[in-house]
Ligand code: DO4
Ligand code: MG
């Protein structure tokens, strides 16, 4: 069972998408209301959704015709890093210009007990399916990071899975790891969607296929495939570090790191299109837009 949000008569409607692709409108305002209702009734979200569906008829629409928006207005999106070997290799390459001769911060964090976790986005910044992702004007090396996202409760319970794009600037991060917030957060640098797969309906979250395709003028210029079985850590382990001595809000999303990195010579371009597919969740598609250079009045601060 997947949860979606879609536009209907200029309003956002919460919906359920069943295994046989039927769409039902749900009475709850949003996914967070559904989470709170389940907690209050001490039941699972799936059982509330099933009760609603059993009492109604599917909409006379095809899922492909719906205008989907981000399935949850997550108060915050956090992200884990260097959780896959592939990410460690890429980080080492960009921070040493490919001339690796000693252990890096990335090697250390890959093996350390404490994972890397950083704030990626907030509700007001977060974008969804088909929204544009932007390219920074002060970076020449930018890539999408296709990641499985965990939807969690304020107590850290994993209630669902979604797809996230952790857009990243490799040259800014590679120059100095202290630039991480600028390499990760800018306008339209994080999208999630198109659905939330309810945790109760995922057989094995450590066996989900992740595919990333990048199109230039409708031709595939990059395709990468991975599986969550390659993850170095456990999802509960990542969540336990996120919630440790922290205040986490209902419906927070935690991205679990990337295991697909385009070749080192690749950078995204204006008008590219990124597709990230995860089995049982769907395809998150976003066009790419180059940000205009920084206003001239501030250019004296930039080379
Ligand atoms: O250390 C930088 C971030 C790594 C990251 O975002 C990832 O591995 O997905
Ligand atoms: Mg990432």
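Determine whether segment 289-302 contains at least one residue that is modelled with pLDDT of 95 or more and buried (at least 22 other Cβ atoms within 10 Å of the Cβ). The answer is no, given that none of the residues of segment 289-302 is modelled with pLDDT of 95 or more and buried (at least 22 other Cβ atoms within 10 Å of the Cβ). Restricting 260, 248 to those that are touching a strand residue (DSSP E or B) at 6+ places or on another chain (Cβ under 9 Å), assigned by TED's automatic domain parsing to the domain that holds residue 202, in a loop (DSSP other than H, G, I, E, B) and more than 16 Å from ligand 1 (Cβ to nearest atom) reduces the list to 248. Given the structure, is residue 277 at pLDDT 95 or above, outside any loop (DSSP other than H, G, I, E, B), within 18 Å of residue 160 (Cβ to Cβ) and more than 16 Å from ligand 2 (Cβ to nearest atom)? In short, yes. For segment 225-232, the criterion of being more than 13 Å from ligand 1 (Cβ to nearest atom), at pLDDT 95 or above, touching a helix residue (DSSP H, G or I) at 6+ places or on another chain (Cβ under 6 Å) and not in a strand (DSSP E or B) is satisfied by no residue at all. Please verify whether segment 206-221 includes one or more residues that are outside any strand (DSSP E or B) and either under 16 Å from the mean Cα position of the chain (by Cα) or within 16 Å of ligand 2 (Cβ to nearest atom) (or both). Yes, segment 206-221 contains a residue that is outside any strand (DSSP E or B) and either under 16 Å from the mean Cα position of the chain (by Cα) or within 16 Å of ligand 2 (Cβ to nearest atom) (or both). Out of curiosity, is residue 185 under 20 Å from residue 232 (Cβ atoms), touching a residue at least 12 places away in the same chain (Cβ under 8 Å) and assigned by TED's automatic domain parsing to the domain that holds residue 129? For residue 185, the condition - under 20 Å from residue 232 (Cβ atoms), touching a residue at least 12 places away in the same chain (Cβ under 8 Å) and assigned by TED's automatic domain parsing to the domain that holds residue 129 - is not met.
Checked against (1) surrounded by fewer than 19 Cβ atoms within 10 Å (Cβ to Cβ); (2) within 22 Å of residue 283 (Cα to Cα), residue 70 passes all but condition (1). Every condition in (1) buried (at least 16 other Cβ atoms within 10 Å of the Cβ); (2) more than 10 Å from ligand 1 (Cβ to nearest atom); (3) closer than 30 Å to residue 12 by Cβ holds for residue 93 except the one numbered (3). Screening residue 233 on (1) surrounded by fewer than 19 Cβ atoms within 10 Å (Cβ to Cβ); (2) more than 16 Å from ligand 2 (Cβ to nearest atom) shows it passes everything except condition (2).
Please verify whether segment 102-113 includes one or more residues that are within 22 Å of residue 149 (Cβ to Cβ) and away from ligand 1 (no atom under 16 Å from the Cβ). No - not one qualifying residue is present in segment 102-113.
Among the conditions (1) outside any strand (DSSP E or B); (2) within 16 Å of ligand 1 (Cβ to nearest atom), residue 155 misses just one, which is (2).
Restricting the search to strands (runs of 3 or more DSSP E) fully inside segment 1-105 and requiring at least 2 residues that are under 16 Å from residue 161 (Cα atoms) and touching a strand residue (DSSP E or B) at 6+ places or on another chain (Cβ under 9 Å) gives 2-8, 11-17, 76-81.
Can you name the residue in segment 98-117 that is in contact (Cβ under 8 Å) with a residue 60 or more places away in the chain and surrounded by fewer than 17 Cβ atoms within 10 Å (Cβ to Cβ) and, of all such residues, is farthest from the chain's Cα centre (by Cα)? Checking each candidate, the answer is 98.
The values are calculated or read from the model by the stated rules, or taken from the named source; none is laboratory data. All values reported here derive from a predicted model rather than from experimental measurement. Cβ sites come from the backbone with ideal geometry, for glycine too, and all protein chains shown count toward neighbours.
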